[in-house]
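Peer 1: Mind looking over this structure? Questions follow.
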Amino acid sequence: MSATPEGAAPAKINLALHVTGRRADGYHLIESLVIFAGHGDRLAVEEAEQDGFSVTGPFASSLPADGGNLVLRARDLLRLHFGAGAQSPVMLRLEKNLPVASGIGGGSSDAAAALRLLARHWKLGASEEDLARLGLELGADVPMCLASRPLVARGIGEKLEPAAGFPSLPLLLINPGKPLETRAVFARLQKRDNQGLGPLPRCESLAEIIRWLRSTRNDLEAPALSLLPEIADTLGLLEAEGALLSRMSGSGATCFGIFESIETAEKAAGQIRKKRPGWFVCPAATLSAEPSHG
Ligand code: ATP
């Protein structure tokens with residue numbers, strides 16, 4: 001049904017994010033090249049006598065473990081929509097490996113994993129389109145997290161076009177340990193009618209992708225920086241350790257660096273961990289556009 005490994009809720013990275021306008025209802029229109037890391041949260045579901053939910057992992061304590069959690073909201077939405085077939089009690093176990101409110105879509109990815117796993121567990125026969133439509137009720141980024149392959153997102157993030165041929169990239173993700181609310185960052189945005197991304201790069205070499213990325217931006221970087229000056233420090237660390245390109249993802253504060261190889265990303269991670277103990281420092285190869293046959 002999906003190329004994503006069972007239970008994986010990978011980190012989402014906006015390689016480029018242009019804000020192109022605003023809808024009458026206040027939602028921002030975007031164009032974004034989005035990829036996913038081979039690292040993220042993990043969700044497991046099993047049959048139970050009664051419903052249960054547990055959250056473990058390094059970022060468990062910064063999360064609601066009650067009905068406000070997107071995992072439970074996804075479960076309840078499926079029950080509402082599919083009725084009798086989606087009622088048997090389930091135990092859901094979330095391992096929270098991604099920092100919360102950090103611009104890498106952990107919550108949306110958890111919601112997507114919950115929809116995917118529970119649809120299979122309850123044998124709902126839901127298509128990917130059905131799940132994407134439902135997921136959009138939980139958040140604009142949930143449909144892209146259901147796809148979890150390189151793509152261009154337009155509209156409010158729900159119009160998805162696969163980025164065919166996009167390769168795996170060696171990345172380093174860094175978060176300075178302070179949450180940023182997406183809404184607060186958008187509220188600081190000055191210009192909302194920027195140009196779109198233009199045609200995607202030919203993906204034949206890393207150099208070509210980097211060259212193309214330099215012609216793009218994350219329009220949320222400046223407003224996020226005005227709220228959290230540590231973002232400048234984060235970007236500076238990536239550059240100092242040899243990133244070919246460094247930028248903020250989503251509404252921040254997580255920044256990514258693209259490196260020549262996963263080995264150089266790991267080496268840089270070691271240096272940055274020494275300089276900033278306690279920060280989230282995560283080297284990861286990203287998921288390529290090629291479908292998995294596993
Ligand atoms: P985006 O990049 O899509 O803007 P984000 O990475 O900045 O997202 P998330 O970590 O997805 O932010 O969290 C957004 C909000 O959702 C937080 O305020 C958090 O309390 C809430 N939330 C509810 N459930 C979850 C969950 N399972 N994981 C993370 N956040 C959750």
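Peer 1: Look through 225, 134, 151, 197 and report the one residue that is assigned by TED's automatic domain parsing to the domain that holds residue 33, farther than 29 Å from residue 79 by Cα and not acidic (Asp, Glu).
Peer 2: From the options 225, 134, 151, 197, the qualifying one is 151.
Peer 1: Looking only at the range 124-164, how many residues end up being closer than 23 Å to residue 80 by Cα and assigned to a loop (DSSP other than H, G, I, E, B)?
Peer 2: Residues meeting the conditions: 10.
Peer 1: Do any residues in the range 167-184 that are closer than 14 Å to residue 277 by Cα have Cβ atoms under 6 Å from those of residues that are away from the ligand (no atom under 14 Å from the Cβ) and acidic (Asp, Glu), where the two are at least six apart or on different chains, and which pairs are they?
Peer 2: 176/230
Peer 1: Tell me the strands (runs of 3 or more DSSP E) entirely within the range 8-93 that contain at least 2 residues that are at pLDDT 95 or above and buried (at least 20 other Cβ atoms within 10 Å of the Cβ).
Peer 2: Fully inside the range 8-93 and qualifying: 8-22, 28-47.
Peer 1: So which residues in the range 207-216 are surrounded by fewer than 20 Cβ atoms within 10 Å (Cβ to Cβ) and either in a loop (DSSP other than H, G, I, E, B) or without any contact (Cβ under 8 Å) to a residue 24 or more places away in the chain (or both), if there are any at all?
Peer 2: 207, 208, 211, 212, 215
Peer 1: Looking at the range 151-177, which of its residues are within 12 Å of the ligand (Cβ to nearest atom) and surrounded by fewer than 22 Cβ atoms within 10 Å (Cβ to Cβ)?
Peer 2: The first filter runs over the range 151-177 and keeps only residues within 12 Å of the ligand (Cβ to nearest atom), leaving 153, 156-157, 173, 175.
Within the range 151-177, 156 is the sole residue that qualifies.
Peer 1: Which numbered condition trips up residue 6, out of (1) farther than 18 Å from residue 284 by Cα; (2) of a type in the set (D, E, K, R); (3) in contact with an Asp or Glu (Cβ under 8 Å, 6 or more places away or on another chain)?
Peer 2: Here residue 6 meets the rest and fails (3).
Peer 1: Restricting the range 21-31 to residues that are of a type outside the set (Lys, Arg) and in contact with a Lys or Arg (Cβ under 8 Å, 6 or more places away or on another chain), which is farthest from the ligand (Cβ to nearest atom)?
Peer 2: Going through the qualifying residues, I end up with 21.
Peer 1: Oh, and also: Consider residue 204 carefully, then state whether it is assigned to a helix (DSSP H, G or I), outside the structural domain of residue 31 (by TED's automatic domain parsing) and more than 21 Å from the chain's Cα centre (by Cα). Before you say what the answer is, go through the steps one by one.
Peer 2: Numbers: assigned to a helix (DSSP H, G or I): no; outside the structural domain of residue 31 (by TED's automatic domain parsing): yes; more than 21 Å from the chain's Cα centre (by Cα): yes.
The answer is no for residue 204.
Peer 1: Also, quick follow-up: Please count how many residues of the range 132-150 are touching a Ser or Thr at 6+ places or on another chain (Cβ under 9 Å) and away from the ligand (no atom under 16 Å from the Cβ).
Peer 2: Adding up the residues that qualify gives 2.
Peer 1: Within the range 97-124, restricting attention to residues that are farther than 30 Å from residue 278 by Cβ and buried (at least 21 other Cβ atoms within 10 Å of the Cβ), which residue is farthest from the ligand (Cβ to nearest atom)? Step through it out loud before you land on a result.
Peer 2: Restricting attention to the range 97-124, the residues satisfying the condition of being farther than 30 Å from residue 278 by Cβ are 115-124.
Those still in the list that are buried (at least 21 other Cβ atoms within 10 Å of the Cβ) too: 115-119.
Numbers: 115: 13, 116: 14, 117: 13, 118: 14, 119: 18 Å.
Here the residue is 119.
Peer 1: Any idea which residue in the range 99-119 is nearest to residue 46 (Cα to Cα), counting only those that are out of contact with any Pro (no Cβ under 8 Å at 6 or more places or on another chain) and not in a helix (DSSP H, G or I)?
Peer 2: My answer is 105.
Peer 1: Are any residues in the range 41-68 within 12 Å of the ligand (Cβ to nearest atom) and free of Cβ contacts under 8 Å to residues at least 40 places away in the same chain, and if so, which ones?
Peer 2: Those that are within 12 Å of the ligand (Cβ to nearest atom) and free of Cβ contacts under 8 Å to residues at least 40 places away in the same chain: 60, 61, 63, 64, 65, 66, 67, 68.
Peer 1: Still on this structure, please answer the following. Would you check which residues across the range 178-195 are assigned to a loop (DSSP other than H, G, I, E, B) and either within 14 Å of the ligand (Cβ to nearest atom) or of a type outside the set (S, T, N, Q) (or both) and list them?
Peer 2: Narrowing the range 178-195 to residues assigned to a loop (DSSP other than H, G, I, E, B): 178-181, 188-195.
Selection gives 178, 179, 180, 181, 188, 189, 191, 192, 193.
The values are calculated or read from the model by the stated rules, or taken from the named source; none is laboratory data. Model, not experiment: these values are computed from the prediction. Glycine also receives a Cβ, built like all others from the backbone with ideal geometry; neighbour counts cover every protein chain displayed.
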